[in-house]
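Colleague: Take a look at this one; I'll ask things after.
The values are calculated or read from the model by the stated rules, or taken from the named source; none is laboratory data. Quantities reported herein were computed from a predicted structural model and do not represent experimental measurements. Here the Cβ positions follow ideal geometry from the backbone for every residue, glycine too, while neighbour counts run over all protein chains shown. The protein model used for the area step is the full one, side chains on, heavy atoms only, and it has no ligands, DNA or RNA in it. Shrake-Rupley method; radii C 1.70, N 1.55, O 1.52, S 1.80 Å.
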Amino acid sequence: MTTYPAPALDKVRILVVGDVMLDRYWFGDVSRISPEAPVPVVRIQKREARLGGAANVARNAAALGAHAGLLGIVGADEAGTEVENLLEGGGIHSYLKRDEAISTIIKLRVIGRQQQMVRIDFEEPPSDTVLRNKLVQFKTLLPDYDVIVLSDYNKGSLVNVADMIATARAEGKIVMVDPKGEDFTPYTGATVLTPNKSELKRIVGSWNSEDQLTAKAQNLRAELKLDALLLTRSEEGMTLYTATDRFHIPADAREVFDVSGAGDTVIATMAAMLGAGMSWNEAVQTANRAGGIVVGKLGTATVTREELFGA
């Protein structure tokens, strides 16, 4: 695969907006089955917390050396404070709103013998008042950033996404969206969408051939007035559709250990590379390489500039 010289990533300013989460990992040993039910008993030996959702996208951008800001909503609780502390530790500029009415979204993963045993989710949608305040702040922050990444996990903090896209595009920003849900029309006018196969299938239906997939992807791209659509295809790699081209690149994973958070790494890397002036094809190849590295790590992980470019 072609590699490119490291761009000046410290000059790139990326604002990530979306559903902020705290990923908690409880690691333990499994040595017996519970006498109460036929389930393994995990004796917890280590606990870890990492940024999740939109916060993981910002963490990935910062790990590459870009200036990363995060706008989102957390609860006025202990988990929200932990998110703030992790952002500070990762060199990410926090514009988080604390919502008194909700709890911070938490995904708790229990891992025994290097295998995820169960995931427990805690989540509530944010309140209308906090969402309105967030939209006002988004418009205030726009002039300070070059690339906007909208990380939608369908948890309620991007209900104003259409307004955000229109405002950002009117100011000439690159707007990237990691989409969710049954309807992509709110993302109309974005620069690029990065759905995975199952997300795209929900919108355009299934396909029986590469030609049929290309036709459906290009129709959707044109219908939503996107500059590009990047389809992430797991072990099949990635395909980029633009008005003039279809560019496919095979997967670059050497060993797949954990795919959680890989999409966050891909969109953050794409954002950094496009912000630094790389072409679409160069940015996709670099993002594909980053995705290949991160799936070889446990949990929501990041890729560094050194791992990508060796410098």
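Colleague: For Gln115 and Phe247 in the same chain, what is the full-extension length gain: residue separation times 0.36 nm, less their Cα-Cα distance, in nm?
Modeller: Length gained, Gln115 through Phe247: 44.0 nm.
Colleague: Between Ile105, Ile203, Ile33, which gets the highest mean-square fluctuation from a Gaussian network model of the chain, Cα cutoff 10 Å?
Modeller: Among Ile105, Ile203, Ile33, the largest GNM mean-square fluctuation belongs to Ile33.
Colleague: Additional query: Beyond 19 Å, what percent of the Cα pairs of the stretch 169-311 remain?
Modeller: Result for the distance tail: 50 percent.
Colleague: List, largest first, the extents of the alpha carbons of the chain along their principal axes, each in whole Å.
Modeller: 62, 44, 43 Å, listed from the longest principal axis down.
Colleague: Rounded to a whole number, what % of the accessible area of the chain do carbon and sulfur atoms account for, probe 1.4 Å?
Modeller: Carbon and sulfur together cover 49 percent of it.
Colleague: Here is a follow-up. Starting from 0.36 nm per residue, how many nanometres of slack lie between Glu306 and Glu78 once their C-alpha separation is accounted for?
Modeller: Gain on stretching Glu306 to Glu78: 78.7 nm.
Colleague: Mind checking the full-extension length gain between Ile33 and Glu236? Use 0.36 nm per residue of separation minus the Cα-Cα distance, one decimal, nm.
Modeller: 69.3 nm
Colleague: Another question, then. Looking at the chain, do any whole DSSP H helices span at least 18 angstrom along their long axis by alpha carbon and average 0.5 or above on Kyte-Doolittle, and which?
Modeller: Result, helices passing both filters: 262-275.
Colleague: Continuing with this model, one more query. Keeping every protein chain present and rolling a 1.4 Å probe, give me the accessible area per residue for the stretch 170-309 in Å².
Modeller: 39
Colleague: Of the cross-linked pairs Lys11/Lys97; Lys11/Lys297; Lys139/Lys225; Lys155/Lys297; Lys11/Lys46, which ones have a Cα-Cα span greater than 32 Å in the structure shown?
Modeller: In this structure, Lys11/Lys46 lie more than 32 Å apart at Cα.
Colleague: Could you give the size of the charge dipole of the chain about its Cα centre, using +1 on the Cβ of each K and R and -1 on the Cβ of each D and E, expressed in debye and rounded to the nearest 20?
Modeller: Value, rounded to 20: 280 debye.
Colleague: Assigning unit charges at the beta carbon (Lys, Arg +1; Asp, Glu -1) and nothing else, what dipole magnitude in debye, to the nearest 20, does the stretch 104-217 show about its Cα centre?
Modeller: For this selection, approximately 360 debye.
Colleague: Hey, what's the stretch 34-106 come to in accessible area per residue, 1.4 Å probe, Å²?
Modeller: Per residue, the stretch 34-106 has an accessible area of 44 Å².
Colleague: Pick from Ala37, Ala49, Ala66: which residue has the top mean-square fluctuation in a GNM of the chain where Cα pairs under 10 Å get a spring?
Modeller: Of Ala37, Ala49, Ala66, the Gaussian network model singles out Ala37 as fluctuating most.
Colleague: Related question: At most 10 other C-beta atoms within 10 Å and a DSSP loop state: those are the exposed GluC sites (Glu not before Pro) I care about. Give me the longest piece of the chain that has none.
Modeller: Between the exposed loop sites, the longest stretch runs 101-181.
Colleague: In addition: Long-range amide H contacts for Val12: which residues qualify at under 5 Å (H placed 1.01 Å from N, peptide plane, sequence gap of 5 or more or a different chain)?
Modeller: His67
Colleague: Set Lys and Arg Cβ to +1 and Asp and Glu Cβ to -1, take the dipole of the chain about its Cα centre, and tell me which of Ala243, Ala49, Phe138 lies farthest positive.
Modeller: Among Ala243, Ala49, Phe138, the one farthest towards the positive end of the dipole of the chain is Ala49.
Colleague: Something else now. Would you calculate the separation in nanometres between label points at Thr185 and Val159, each defined as 7 Å from the Cα along the Cα-to-beta-carbon direction?
Modeller: Spacing of the two 7 Å Cα→Cβ label points: 1.9 nm.
Colleague: Kindly list the residues of the stretch 68-89 that lie in the label zone of Ala49, defined by a backbone N under 20 Å from the point 7 Å along the Cα-to-C-beta vector.
Modeller: Inside the label zone: 70-89.
Colleague: With a 10 Å cut-off between alpha carbons and a GNM built on the chain, which of Ala243, Ala287, Ala276 moves the most?
Modeller: Ala243
Colleague: With loop defined by DSSP as not H, G, I, E or B, and exposure as at most 13 other Cβ atoms within 10 Å, which is the longest segment of the chain clear of exposed trypsin sites (Lys or Arg not before Pro)?
Modeller: Longest site-free region, per DSSP loop and neighbour criteria: 1-112.
Colleague: Taking N as the number of residues in the stretch 153-200, what is its alpha-carbon radius of gyration divided by 2.2 N^0.38 Å?
Modeller: With N residues counted in the stretch 153-200, Rg over 2.2 N^0.38 Å equals 1.11.
Colleague: Could I ask something else about it? Measure off 7 Å from each Cα along the Cα-to-Cβ vector at Asp10 and Glu124, then give the distance between these two points in nanometres to one decimal.
Modeller: The answer from the label model is 4.3 nm.
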